[in-house]
Amino acid sequence: MDVPFPADGRRRVVIDNLRPQVDGGRFPVKRIVHDPVTVQVAIFADGHDSLTCYLRYRSDERQDWQETPLAAQGNDEWSAELRIDRIGWWQFTAIAWIDHFATWRYELTKRAIAGQDLTVDLQIGANYVASTADRLSEKNHASDKQALLSAAAKLRDAGLSQNDRVEIGLHHELEQLMLRHADRALATEHPIQSILVERPKARFSTWYELFPRSCGTSEEPNPGQRHGTLRDVITKLPRIAEMGFDILYLPPIHPIGTTYRKGKNNQPQAQPDDVGSPWGIGGAGGGHTAIHPQLGTFADFQELRVAAEKLGIELALDIAFQCSPEHPYVTEHRDWFKERPDGTIQYAENPPKKYQDIYPFDFESGDWRKLWQELKGVFEFWINAGVHVFRVDNPHTKAFPFWEWAIGSLKRAHPELIFLSEAFTRPKIKYRLAKLGYTQSYTYFTWRNEKAELIDYFTELTTPPVNQFFRPNLWPNTPDILHAYLQTGGRPAFVIRLVLAATLGASYGMYGPAYELCDNTPRDPGSEEYLNSEKYELKAWDWDAPHSLRGIISTINRLRREHPALQVDDTLRFHPIANEQILAYTKHSATSRDVVLTVVSLDPHAPQIGKLELDLTLLPGHLPEAFSVQDLLTGESYQWDREGAYISLTPERPAHLFLLRCE
């Protein structure tokens with residue numbers, strides 16, 4: 001059986017490997033508005049004809065395509081730079097064709113230099129020009145048509161010298177006319193690929209997590225016993241802003257169920273005065289679009305949101321798609337949940353652990369379309385209330401097609417939205433969620449504490465293909481995770497992990513008061529859960545404790561704002577230092593030759609010394625033989641040379657942030 005003919009076998013140009021891309025164009029590449037996007041592509045054809053190649057691009061708001069020439073880079077590689085000036089969805093592709101007129105010009109030049117008779121060649125060129133003129137209408141292109149006809153006539157005019165006719169054929173104006181009206185009938189076009197362009201905070205953000213119910217005033221006779229309110233959170237905003245955080249993340253603020261409510265320290269039986277876990281969503285007061293009555297009203301929420309925005313802080317809400325047994329969905333839409341053979345609803349389990357206080361949704365429900373619409377409507381409700389940042393709980397336990405549909409729909413209507421994926425799961429699942437639309441993602445940073453594993457992991461995150469779709473958000477702790485490193489390392493461990501999170505990643509966050517006050521007591525030996533976890537009870541924090549990290553946190557966050565090098569991920573590069581307990585790395589921005597060099601000890605217990613050897617090939621410019629560096633943490637300056645420098649770090653002073661200026 002014969003292989004069928006192609007649609008048009010006269011299309012001879014091959015366009016291959018258009019980059020950047022994610023999974024061959026299946027998912028969008030991610031960029032920040034005003035980022036330069038370097039597009040590369042392989043383009044070639046049989047034979048030796050000249051090719052004309054363009055990058056085509058447009059935003060979803062435009063119907064027409066813009067074009068910019070692709071420049072040959074050698075070895076059949078072509079490139080162009082695309083600048084994107086608005087957030088939203090963009091499309092791009094490459095188009096190329098055999099340019100017979102360009103081929104003719106190239107060969108005419110070589111023949112003229114060789115002194116050959118060009119009578120026939122000039123006739124061929126005249127035919128190309130006349131053919132182009134014939135395709136133009138008098139109505140739309142009268143001037144260009146006349147210019148081309150005139151050029152064709154002169155190329156045929158035997159009364160002109162050969163040199164004059166060659167000069168006409170090679171004239172820049174004629175070249176531009178022919179290019180402007182090139183015959184693209186046999187052009188090859190690559191399948192269209194997409195870019196999701198987001199606002200700067202999608203890449204550079206600083207998160208502080210706070211339980212509103214623990215914000216009762218410390219002047220109360222029994223601090224920690226009064227349920228805090230959203231209005232209490234307003235009183236904490238100035239100190240959060242002063243520390244340099246621009247996103248305040250609130251765990252779920254909805255009514256909490258009482259059926260199978262968890263007690264203090266995650267005990268299966270709650271006492272009458274236990275407040276329960278905020279993630280046990282739903283009660284008599286409503287579900288995902290209601291506010292816990294002890295936290296306040298929607299008017300209080302709006303007052304908090306406005307007060308935060310005045311201080312440069314956005315509120316991020318936790319979206320946890322699960323229900324307590326008392327959630328209105330359970331009675332109104334029982335078919336959205338799995339039913340057990342005994343007629344009860346299937347609760348969440350991680351055998352042998354049972355979570356009877358949580359009912360997961362059944363994404364294989366026959367009523368899945370209404371379920372999807374309802375869950376998307378939860379986002380829309382809070383978007384209409386002025387929220388544009390969402391931290392999503394356990395998205396890896398919900399259907400992938402739902403996220404692609406829901407986030408895609410929401411971001412097309414509201415391109416300013418930011419979604420943070422809290423998925424501590426297998427790498428491929430984390431990456432799939434990012435491809436499906438999540439703006440940022442939690443990472444394995446919490447469990448990467450050795451030098452080699454930090455280098456390997458962050459090299460993976462900040463280089464292709466991962467950095468084309470995955471934006472890390474680094475958290476040294478969460479209400480669920482107190483790593484052994486923090487349990488045993490004391491205050492120096494908290495400083496070390498703060499420096500690493502804030503400088504390895506453009507976005508980082510912390511479970512605020514617990515980290516700020518170095519809370520490091522586990523519930524049990526070997527456990528990563530906090531003793532007296534705030535997830536299950538009110539906490540009375542000593543906000544002004546003398547051991548607070550407030551000062552160093554404020555300094556680090558100020559430096560992040562002042563130095564664009566710390567606001568990007570892709571320029572992270574590791575440098576050799578002769579000590580397995582010291583990590584050294586640089587970052588720089590695309591717009592500056594200023595480099596921030598971070599050198600940090602990984603040992604919270606003992607002093608460490610090492611010889612730093614800067615890899616000059618990883619820097620954005622030239623360093624002289626001798627140069628000055630400034631420690632941004634202390635203001636001290638040092639004289640170095642290219643041979644490197646000896647670094648001395650202690651638990652009391654475990655890190656340097658050096659500023660280098662390349663020429």
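The values are calculated or read from the model by the stated rules, or taken from the named source; none is laboratory data. Every value quoted in this text rests on a predicted model; they were computed, and no experiment measured them. Don't worry about glycine lacking a Cβ; one is built from the backbone with ideal geometry, like all the others, and counts go over all protein chains shown. Heavy atoms of the whole protein, side chains included, go into the accessibility calculation; ligands, DNA and RNA do not. Shrake-Rupley method; radii C 1.70, N 1.55, O 1.52, S 1.80 Å.
Excluding same-chain residues fewer than 8 positions from Lys145, which lysines have a Cα within less than 29 Å of its Cα?
Counting by Cα, and skipping residues close in sequence, Lys145 has these lysines nearby: Lys110, Lys154.
If you place +1 on the Cβ of every Lys and Arg, -1 on the Cβ of every Asp and Glu, and leave all else neutral, what size is the dipole of the chain about its Cα centre, to the nearest 20 Debye?
Working: 72 positive and 88 negative charges, 119 e Å.
That gives the chain a dipole magnitude of about 580 debye.
For Arg523 and Gln639, what is the calculated FRET efficiency with R₀ set at 56 Å and r taken between the beta-carbons, to the nearest 0.05?
0.65
Could you tell me what fraction of 2.2 N^0.38 Å the Cα radius of gyration of region 221-309 comes to, as a two-decimal ratio?
1.20
Any chance you could give the angle, 0 to 90 degrees and rounded to 10, that helix 400-413 forms with the longest Cα principal axis of the chain?
Rounded to the nearest ten degrees, it is 70.
Of Thr188, Ala202, Gly169, which is farthest towards the positive pole of region 168-216's charge dipole, taken about the Cα centre with +1 and -1 on the beta-carbons of Lys, Arg and Asp, Glu respectively?
Selected residue: Ala202.
Using θ = phi - 60° and the Karplus form 6.51 cos²θ - 1.76 cosθ + 1.60, what ³J(HN,Hα) does each residue of region 131-136 get, whole Hz, x for Gly and Pro?
In residue order, the calculated couplings are 4, 5, 4, 5, 7, 8 Hz.
Could you tell me the extents of region 449-567's C-alpha atoms along the three principal axes, largest first, rounded to whole Å?
43, 33, 24 Å, listed from the longest principal axis down.
Counting only the heavy atoms of the protein chains, how much of His563 is accessible to a 1.4 Å probe, in Å² to the nearest 10?
30 Å²
Using the Cα centre of region 375-489 as the reference point, and only Cβ charges (+1 on K/R, -1 on D/E), how large is the resulting charge dipole? Debye, rounded to the nearest 20.
So the dipole magnitude of region 375-489 works out to roughly 320 debye.
Helix 368-384 sits at what angle to the longest principal axis of the chain, using alpha carbons and giving 0 to 90 degrees rounded to 10?
The angle comes out near 80 degrees.
Find the all-direction average of the projected area of the Cα convex hull for region 119-276, expressing the result in square nanometres with one decimal place.
21.9 nm²
With every protein chain left in place, what is the accessible area of Glu107 in Å² (1.4 Å probe, nearest 10)?
That residue has around 80 Å² of solvent-accessible surface.
Pull up the cross-link candidates among the aspartates and glutamates for Lys587, meaning alpha carbon to alpha carbon under 13 Å and not fewer than 8 places away within one chain.
By straight Cα distance, Lys587 reaches Asp569, Asp570, Asp615.
Ignoring ligands, DNA and RNA, what percent of the 1.4 Å accessible area of the chain is carbon and sulfur?
50 percent
So what is log10(I(q)/I(0)) for region 1-135 at q = 0.11, 0.15, 0.19 1/Å, when the Debye sum runs over its Cα atoms only?
Each listed q corresponds, in turn, to -0.58, -0.90, -1.15.
For helix 100-113, report the angle its Cα long axis makes with the longest principal axis of the Cα atoms of the chain; keep it between 0 and 90° and round to the nearest 10°.
50 degrees
Which one, Gln440, Leu633, Ser143, is farthest towards the positive end of the dipole of the chain when Lys and Arg carry +1 and Asp and Glu -1 on their Cβ?
So the residue furthest toward the plus end is Ser143.
From the residues Gly25, Pro6, Trp89, which one has its Cα farthest along the dipole of region 1-103 in the positive direction, the dipole being from +1 and -1 charges on Cβ of Lys/Arg and Asp/Glu about the Cα centre?
Checking the options against the dipole of region 1-103, the answer is Trp89.
Dividing the alpha-carbon Rg of the chain by 2.2 N^0.38 Å yields what?
1.21
Per-residue HN-Hα couplings for region 624-635, Karplus 6.51 cos²θ - 1.76 cosθ + 1.60 at θ = phi - 60°, whole Hz, x for Gly and Pro?
So the Karplus estimates, Gly and Pro as x, are x, 4, 10, 8, 9, 10, 10, 7, 5, 6, 10, x Hz.
How much accessible surface does Ile481 have with a 1.4 Å probe, in Å² rounded to 10?
Solvent-accessible area, nearest 10 Å²: 10 Å².
Around Cys323, which amide H atoms from residues at least 5 apart in sequence, or from another chain, sit under 5 Å from its own amide H, with H modelled in the peptide plane?
The list, which skips near neighbours in sequence, is Tyr359.
Just in region 134-195: which trypsin sites (Lys or Arg not before Pro) are loop by DSSP and have at most 15 other Cβ atoms within 10 Å?
Listed in order of number, the matching sites are Arg135, Arg184.
With no solvent and one equal point scatterer per Cα, compute the Debye intensity ratio I(q)/I(0) for region 524-580 at 0.12, 0.14, 0.18, 0.23 Å⁻¹ and report its log10, rounded to two decimals.
Per q value, in the given order, log10 I(q)/I(0) is -0.66, -0.82, -0.94, -0.96.
On each of the three principal axes of the Cα atoms of region 100-197, give max minus min coordinate, whole Å, ordered largest first.
57, 35, 22
Averaged per residue, what accessible area in Å² does the chain show with a 1.4 Å probe, protein chains only? Write out the running numbers ahead of the final one.
Values: 29270 Å² over 663 residues.
That works out to 44 Å² per residue.
In terms of modelled amide H atoms, which long-range or inter-chain residues lie less than 5 Å from the amide H of Leu82?
Val37, Thr38, Val39
Please state, as a whole number in µm²/s, the translational diffusion coefficient that the Stokes-Einstein equation yields for region 622-663 at 4 °C and 1.567 mPa s, with Rh defined as the Kirkwood radius across alpha carbon pairs.
Values: Rh = 11.2 Å.
This corresponds to a translational diffusion coefficient of 116 µm²/s.
Beyond a 31 Å Cα-Cα separation, which of these cross-linked pairs lie in this structure: Lys264/Lys376; Lys310/Lys535; Lys201/Lys451; Lys451/Lys539?
Lys264/Lys376; Lys451/Lys539
For region 24-71, which trypsin sites (Lys or Arg not before Pro) pass both filters: DSSP loop (anything but H, G, I, E, B) and at most 13 other C-beta atoms within 10 Å?
Arg26, Arg62
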